[in-house]
C-alpha cells in the first residue's frame, strides 16, 4: 500500500502537449513524490496503461486519434482497468464538457491551467476513491444534469 504522500503510486499522464506533459511530470514527481509515466496520445496511453498498470491516469480530452473521452470509455470498459482512478485535465471548461467527461467514467474533471498542488491533491483523492463512491458521484451528477435539462 502506498503512503498518503504518493510514494510508490504510479501516475500515467496522457497529453499531446510535450511542454505541459513535462511540467506536469516534474510537478507530480517533486510535489507528490509519484512515479510518472508519459503518453503523447490516447492510443499510446492505452498501450502504456496495460504495460505499466498505473494507480491513476490523468487524461487530456483533445488529442489526435483516440481522444480523452474515448480513452476513458476504453479504460472503464475493460475489467482490468475499470477500477483505476481517472482524472480528466482539459481546457474544455463548459458544464456540458464536464458532464460528458464524468459520464464517460472520469472520477474528476479539472480545467487547465491547474495549480500543481491542486493536481497532486486530486491524484491523492482519486487513488483513495472506492467504486461505490464513484457510482454515487455519477448518480448525483446525473440527477443534477436531469434537473438542469430543459423539459421537452
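The values are calculated or read from the model by the stated rules, or taken from the named source; none is laboratory data. This structure is a prediction, so every number in the text was calculated from the model and none was measured. Every residue, glycine as well, gets a Cβ built from its backbone with ideal geometry; the counts of neighbours run over all protein chains shown.
Of note:
- Hits in region 102-125 - residues which are modelled with pLDDT under 90, in contact with a strand residue (DSSP E or B) (Cβ under 6 Å, 6 or more places away or on another chain) and assigned to a helix (DSSP H, G or I): 102
- Only a single item in (1) without any contact (Cβ under 8 Å) to a residue 60 or more places away in the chain; (2) touching a strand residue (DSSP E or B) at 6+ places or on another chain (Cβ under 9 Å) is not met by residue 89, and it is number (1).
- Any hit, region 20-31, residues being part of a loop (DSSP other than H, G, I, E, B) and touching a strand residue (DSSP E or B) at 6+ places or on another chain (Cβ under 8 Å): no
- Matching option when the condition is more than 24 Å from residue 20 (Cβ to Cβ), surrounded by 10 or more Cβ atoms within 10 Å (Cβ to Cβ) and modelled with pLDDT of 90 or more, among 80, 140, 91: 80
- Residue selected from region 77-101 under the condition part of a helix (DSSP H, G or I) and under 19 Å from residue 140 (Cα atoms), by the criterion nearest to the chain's Cα centre (by Cα): 101
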